[in-house]
Structures are given as C-alpha cells and as structure tokens.
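The values are calculated or read from the model by the stated rules, or taken from the named source; none is laboratory data. As the structure is a computational prediction, the values presented were derived from the model and not from experiment. All Cβ positions, even for glycine, are placed from backbone atoms using ideal geometry, and neighbour counts span all protein chains on display. We work out accessible area using only protein heavy atoms, side chains counted, and drop any ligands, DNA or RNA first. Shrake-Rupley method; radii C 1.70, N 1.55, O 1.52, S 1.80 Å.
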Amino acid sequence: MTRNLTGKAFLAFGLALMLGSCTKLDEDRVNGNAQLQIRLTDAPGNFEAVFIEIEDILIHRSVEDSVGEEGWESIEGVRRGTYNLLDLVNGRDTLLVDGNVPPGHLGHLRLVLGDENRVKAGGREYELITSSDLQAGLKLNMNGELREDEVYEILLDFDAARSVIPAGDSGKYVLKPVIRVLEADPAGGTVRGVISPGNVNTAVLAIKGKDTLGTYADTLGNYMLKALPPGNYTMRFMPDSASGLIPVDTAGIAINDGEVSQVNISLSSTEP
C-alpha cells in the first residue's frame, strides 16, 4: 500500500553504520531474502515519560548521500504504535522491525513519526512540537549490504535528554531527535552501576577529552552507557539541584572493548 507522507515527521540521522550479522536467522522464513531487525533503546532524560508514535520505517537503496522522495520502500514487520522511551533504559530495548527484505545495498533508513508525540513532566503531559528541520526531513546514511539468508540488527539509541527541549517559559516542548546508531554487537565498552540514594533524579556523564556521552539513572538509581570508545574516562554524577546533594566526579575509569566496568556511587550533601 502506498502511504501519503505529506505533513508527517520524517526521522533520519546523519550517521554511518556498517551492518553486522547475528545468529537469530529464521531459516524457514527468509527464503532467499535478508532478515532485518531494528530495535529501539533510550538514553533517558529528566522527564516522567516521553511518548513517540512510530508510524512507519522505510529504506532506500541509493549509495548517494542525497536522496529525494522517490525510491523509498516500506518494509514488512514494522511494529507500529506509541512507545514510552523511558521504559527502554539500562540495557532494555524493544523490537521495531522484524521483517524480510530483498538482498542488496541499504543506503538509507527513515523512521516516520505519527502525530501522537508527547512528554510528561511535573505530572502533566505536553504535546511535542515537531521542529522545522525535522518536518523537512533528515536521513540516516547506512552504507551496508543486506545479504541473502543473513540477519542484520540495528539499534537506535534515542537520547531523550537531548532530544526534548523546553521552548522557553511557554510550557511547550520541541522534539529535535538525537540518536546514536549502533550495531547489534557494538564495539566499545560498557559502564554501569547503582547510585545511592536511588530516588534522586541524577544525570550521568562519561567524559573523555572533548567527548561526552550521557544518560540518567532510573528510579532505582541504576544506569548504563554502552558502546563507549576505549580509554580513560571521568564519570560525573549530577543529582537534581533541588535534592541538596552535591555532584561527584570519579576520574580514571578504564573502559575496554567488550568489557563492562561497574561504577557505584553514593551521593551526599557534603563534599567527599
């Protein structure tokens, strides 16, 4: 079925990805096609909920960086619906697509949003306003090969904290998606841990030189950051200022490929 995409929000992200195969091939189903799986996870933000409506996911075969509105293909197995990004934290994800795709080059991916995008903050829900650049359309440059009888998995890591932006003092919020695109088994290391007390909203930053990746702890104080390039990091824990607790830096955290580093921290109202 052909969809009328006029007036919808197109999500795509200017990052390159080499697709990686995994071991979940359904051999009875593919019959000469490739099996494509796309998952969604979240780096949480300082909100009670962030709801994103997924309407469709399209692919484009072009090897060129610039593509128009022609040549986009719908794919089967899209799990349409509204997802709360804050349910998808600390290593949890959800399957957006599990479908068969004819083999060949995969040049671009496009995630199409519906109109039911909203954020909950301070006990109230607000509509997420779609920014003008998102309306105009952004694309994700994939540059990968879908091979016959192989399965490929893509992970979209949606950074809610950087994607949902208050519009001044108007009480409105703007959606400007910031997403990392990861392979099924991404390179790099993982840092995770538990923050005490766990009931304080705490931002977690992993800092290496000029590079910073961030997340928020969940309501139990658990946090996780994946696919960190190897190196020595400073971990910065920043509790909500209303809590009266003091930010803490922990330097010299070694991150290695394929390894998990555990960093637990206790926050207090006095300098350590």
Pair list, Cβ under 9 Å, 6 or more apart: region 53-67 residue free of Cβ contacts under 8 Å to residues at least 12 places away in the same chain and of a type in the set (Ser, Thr, Tyr), other residue surrounded by 15 or more Cβ atoms within 10 Å (Cβ to Cβ) and part of a loop (DSSP other than H, G, I, E, B): SER66/LYS139
Restricting region 67-86 to residues that are part of a loop (DSSP other than H, G, I, E, B) and among the β-branched types (Val, Ile, Thr), the residue that is farthest from LEU40 (Cα to Cα): VAL67
Residue within region 64-79 that is among the aliphatic types (A, V, I, L, M) and at pLDDT 85 or above present: yes
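Within region 206-230, how many residues are assigned to a strand (DSSP E or B) and either within 20 Å of SER163 (Cα to Cα) or not basic (Lys, Arg) (or both)?
Residues meeting the conditions: 15.
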Any hit, region 177-191, residues being over 26 Å from VAL112 (Cα atoms), of a type in the set (A, V, I, L, M, F, W, C), part of a strand (DSSP E or B) and in contact with a strand residue (DSSP E or B) (Cβ under 8 Å, 6 or more places away or on another chain): yes
Residues located in region 215-246, provided they are out of contact with any Ser or Thr (no Cβ under 9 Å at 6 or more places or on another chain) and either over 17 Å from VAL194 (Cβ atoms) or among the hydrophobic types (A, V, I, L, M, F, W, C) (or both): LEU220, PRO229, PRO230, GLY231, ASN232, SER241, ALA242
Among (1) at pLDDT 90 or above; (2) among the polar types (S, T, N, Q); (3) in contact with a Lys or Arg (Cβ under 6 Å, 6 or more places away or on another chain), the one test that ASN117 misses: (3)
Considering residues of region 151-175 that are at pLDDT 85 or above and surrounded by fewer than 19 Cβ atoms within 10 Å (Cβ to Cβ) only, the residue nearest to HIS60 (Cα to Cα): VAL174
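This table checks each residue for (1) over 24 Å from LYS120 (Cα atoms); (2) touching a residue at least 12 places away in the same chain (Cβ under 8 Å); (3) within 18 Å of the chain's Cα centre (by Cα).
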site	(1), (2), (3)
VAL181	yes, yes, yes
VAL194	yes, yes, no
THR202	no, yes, no
LYS210	yes, no, no
GLY214	no, yes, yes
PRO229	yes, yes, yes
ILE246	yes, yes, no
ASP257	yes, yes, no
Those residues of region 221-234 which are open to solvent by 40 Å² or more (accessible area, probe 1.4 Å) and either at pLDDT below 85 or in contact with a helix residue (DSSP H, G or I) (Cβ under 7 Å, 6 or more places away or on another chain) (or both), in sequence order: LYS226
Residue check, GLU64 open to solvent by 40 Å² or more (accessible area, probe 1.4 Å), under 30 Å from TYR223 (Cα atoms) and not in a strand (DSSP E or B): no
Residues being open to solvent by less than 10 Å² (accessible area, probe 1.4 Å) and among the hydrophobic types (A, V, I, L, M, F, W, C) - total across region 188-216: 4
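May I ask you to list the residues in region 136-149 that are out of contact with any Gly (no Cβ under 8 Å at 6 or more places or on another chain) and modelled with pLDDT under 85?
Residues of region 136-149 out of contact with any Gly (no Cβ under 8 Å at 6 or more places or on another chain): 136-137, 144, 147.
If the condition is that a residue be out of contact with any Gly (no Cβ under 8 Å at 6 or more places or on another chain) and modelled with pLDDT under 85, then ALA136, GLY137, GLY144 are the ones that fit.
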Enumeration of residues in region 77-95 that are aliphatic (A, V, I, L, M) and either open to solvent by 30 Å² or more (accessible area, probe 1.4 Å) or within 12 Å of the chain's Cα centre (by Cα) (or both): LEU85, LEU86, LEU88, VAL89
Selection status of PRO177, within 30 Å of ARG110 (Cα to Cα) and free of Cβ contacts under 8 Å to residues at least 60 places away in the same chain: no
Residue within region 236-254 that is more than 24 Å from GLY189 (Cβ to Cβ), in contact with a strand residue (DSSP E or B) (Cβ under 7 Å, 6 or more places away or on another chain) and exposed (fewer than 11 other Cβ atoms within 10 Å of the Cβ) present: no
ALA206 within 15 Å of PHE47 (Cα to Cα) and not polar (S, T, N, Q): no
